[in-house]
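Each remark here refers to the structure printed beneath this line.
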Amino acid sequence: MPSLTDSVRYLKGVGEKRAKLYQKLGVDTIYSLLHFFPRTYLDYSDAKMIEDCALGEFCCVKATVFKKQGEQYIRKGLSIFKVFVTDGTTDMLITIYNSKYLFDKLQVGQTYCFYGKLQGNLLRREMNTPSFINLQTDCPVKAIYHLTDGLSNNLISLNVSKALELWGDRLDDVLSPDIKQTEQLCHIRYAFENIHFPKDMQALEVAKKRLIFEELFSLQLGLLLLKKKNRKSTGVTIQNTALDEFLKQLPFILTDAQLCAIKDGLQDFTKQVPMNRLLQGDVGSGKTVVACALAYCMANNHYQTAIMAPTEILAVQHYHTFCKILEPMGIQCALLTGSMTAKQKNIMKQKIAQGEYQIVIGTHALIQDSVTFFCLGLVITDEQHRFGVNQRAKLAQKGTNPHKLVMSATPIPRTLAFIIYGDLDVSIIDQPPKGRLPIKTYLITGSKRLRAYHFIKEHIQKGFQAYIVCPLIDEQDQKQQAHSVYQYAKTLENTELKDVRVGILHGKMKPTEKEEVMLQFQNQQLDLLISTTVIEVGVDVPNAVLMMIENAELFGLSQLHQLRGRVGRGTVQSHCILVSDHKAEQTIERLKIMTQSSDGFYISEQDLKHRGPGDFFGERQHGLPDLKIANMVDDMQILLRTQQLAKEILQRDADLSLPEHQGLKQLTQQLFQQMSADN
């Protein structure tokens, strides 16, 4: 008999050919087949009368067969079978294509539940090849799986059934009897049987609860074990945390939220373990000034600060901001980026190593082996989810367990933050700087585009600037009907925007070219910037008060919110116009959220609901293992409970070495195989 870790091809009924099809669905072993959970379920017990179902919609009806009509050949390779059913009030025609097997299963006089799309008209109701069950002999709840060509729902069910037959009694129940009793969780065999073949909806909920709990529990244990490795004592303990001179020199007054965040960081500096803090704040809330204050404190105590930004544009912008605030106070700032010449880099690296610069700002160039610090005390990563685990760790290794601050202008949903930042202390800046007005946001179709151009022109004539964001760089990128920056710029030549000074910006330009265009825009030598999402992070031009985003449906809500945050940086009323011709009601409702709220945290919660954590930060950037059954929005209460329980267990058994925790340890290792490899 094959083992759970063997290829699924060794399971009777699969074979090599089907195993390759299963691989497309992420199933490679018998273990992963059992963990290939259904995407949804059909509840045949929730049947309606035929006349109560809307035409064109999927529904479940209970009806009795009263007549069958034999096979009819339509053309070569296509035959149909007709079955007439009634629910006692309304008759319906069932048409079955190319399946005598299904036709023969339906017996005259027997009652079945049929599920399918109701078609026809007010006088005649029809369903084409619906799925159906006999309520007397079949389970009323049927699992529906993700499919690929060559693998049907019935075939997957048969394969899973065979795996359960072989392995149902051998599945390891990793949860102790005490936990199962306290949390009211079922046995593992019952859970797997009823997640794939539920006896009824109640049994399905019992199975789901058990499997969701187990998945989130092992996730929390794994994260806490991973993060515990980083909790070592620091060689950077600060005594002098005075900021009077810094605050006096600032040309503006900090908000209470900014002052609280600074206070949090300064208190961390005085402790024996390194600061490990997340600074969260909405777009334009003033996180950079908080980072500046903490870097000032480090410099005052003769330590260096390294600030790593994901793009050169943002690194340059941070450099200018830090220079403007700190250099008048005698603190020297350095910039280190990939586009500098080898000679420039070598000179800069030498001065950094000798301690001539207290603040070092850069891109990934900072983590090169050739970059050494004189005395690194604080590491700041901006938009930290854009960096891999290795990159962040490598920068911190250039000091003796330095303090760490991670900044994010992407408000991370609290549900997701509970998981990703389980052991980070969190400071939230939830107040906008004084004088900032909420950005007015509109959703329009392409038919109103000319009116939008007129609106943009009016603002440019008043001396303001604008952005137009397109999803593509040029037409060759076109995988779908979407606007590209080069084609868009050309189109504007035939509109009322033809006389405005237009610049183009996108990610494939050389760093020097991008910097030159941004400099021209910042210096008001350009009126309109047509760009891809390269402006999403950190571009700060207070005179830009209007943004238009084409094909808005192609962006996530959080990304739209980030883009929108590039305007509204000054004290003038700013506007954001979302353009979409998408017809889907769900898409329109999603985009309308942007017109109703400017709260980044609320928007990110909605984004997570629509897209899930995998897409929230982009492909695998969130660093989480893939969850098979748990949902971090819907299962928040279980998430909180498992987090608490994981902490309690690790207090008693720090590395899960006790015999009763061996199953949990193995499950945690399986879940974190990819994550451990990244570390």
Subject >> Relative contact order (%) - region 238-354, alpha-carbon pairs under 8 angstrom, separation at least six >> reply: 24 percent
Original post:
To the nearest 10 Å², what's Met636's accessible area with a 1.4 Å probe?
Top reply: 40 Å²
Original post:
For the chain, what's the relative contact order in percent, using C-alpha pairs closer than 8 Å and at least 6 residues apart?
Top reply: 12 percent
Original post:
Distance from the Cα centre of region 436-501 to that of region 52-70, in angstrom?
Top reply: 50 Å
**OP:** Return the long-range amide H neighbours of Tyr467 (sequence gap of 5 or more, or a different chain), with a cut-off of under 5 Å between placed amide H atoms.
**Re:** Leu529, Leu546, Met547, Met548
Subject >> Computed [θ] at 222 nm, deg cm²/dmol, the chain (DSSP H ≥ 4; -39,500 (n - 2.57); rounded to nearest 500) >> reply: -11500 deg cm²/dmol
Subject >> region 142-217: relative contact order as a whole-number percent, Cα under 8 Å and 6+ apart >> reply: 29 percent
**OP:** Quick one: grab the alpha carbon gyration tensor of region 502-591, order the square roots of its eigenvalues as a ≥ b ≥ c, and give me rounded if a/c is under 1.5, else prolate or oblate depending on whether a/b is larger than b/c.
**Re:** prolate
Subject >> Among Leu151, Ser176, Ile359 - extreme Cα towards positive end, dipole of the chain, charges at beta-carbon >> reply: Leu151
Subject >> Burial ranking of peptide ranges 355-362, 438-445 (average Cβ count within 10 Å, highest at the top) >> reply: 355-362, 438-445
Original post:
Lysine pairs in region 478-591 with alpha-carbon atoms under 19 Å apart, 8 or more places apart or on different chains: how many are there?
Top reply: 4
Original post:
Which entry in (i) 64, 48, 27; (ii) 53, 36, 21; (iii) 43, 31, 23 is this structure's computed semi-axes √(5λ) of the Cα gyration tensor in Å?
Top reply: (ii)
Original post:
Of the trypsin sites (Lys or Arg not before Pro) in region 67-167, which ones lie in a loop per DSSP and count no more than 11 other C-beta atoms within 10 Å?
Top reply: Lys76, Arg124
Original post:
Among the DSSP beta bridges whose two residues both lie in the chain, what percent are antiparallel, rounded to the nearest 5?
Top reply: 40 percent
Original post:
How much accessible surface does Ile504 have with a 1.4 Å probe, in Å² rounded to 10?
Top reply: 40 Å²
Subject >> ³J(HN,Hα) computed for each position of region 586-595 - Karplus, 6.51 cos²θ - 1.76 cosθ + 1.60, integer Hz, glycine/proline x >> reply: 5, 5, 5, 4, 4, 5, 5, 4, 5, 7
**OP:** Give the cross-link partners of Lys271 among the lysines, using a straight C-alpha distance below 21 Å as the criterion and excluding same-chain residues fewer than 8 apart.
**Re:** Lys227, Lys228, Lys229, Lys232, Lys263, Lys398, Lys404
Original post:
Given H placed on each backbone N at 1.01 Å, which residues far from Cys375 in sequence or on other chains put an amide H within less than 5 Å of it?
Top reply: Gln304
Subject >> Of all accessible heavy-atom area on region 1-143, the percent that carbon and sulfur account for (1.4 Å) >> reply: 49 percent
**OP:** Would you kindly find the accessible area of Glu165, with a 1.4 Å probe and non-protein molecules such as ligands, DNA and RNA excluded, rounding to the nearest 10 Å²?
**Re:** 120 Å²
Original post:
Against the longest alpha carbon principal axis of the chain, how many degrees, from 0 to 90 and to the nearest 10, is the axis of helix 636-652 turned?
Top reply: 70 degrees
Original post:
Between their Cα atoms, which of Lys67/Lys117; Lys180/Lys647; Lys209/Lys628; Lys324/Lys440; Lys68/Lys199 are more than 24 Å away from each other?
Top reply: Lys324/Lys440; Lys68/Lys199
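The values are calculated or read from the model by the stated rules, or taken from the named source; none is laboratory data. Being a predicted model, the structure only gives us computed values, none of them experimental. Every residue, glycine as well, gets a Cβ built from its backbone with ideal geometry; the counts of neighbours run over all protein chains shown. Side chains included, ligands, DNA and RNA excluded: accessible areas come from the protein's heavy atoms. Shrake-Rupley method; radii C 1.70, N 1.55, O 1.52, S 1.80 Å.
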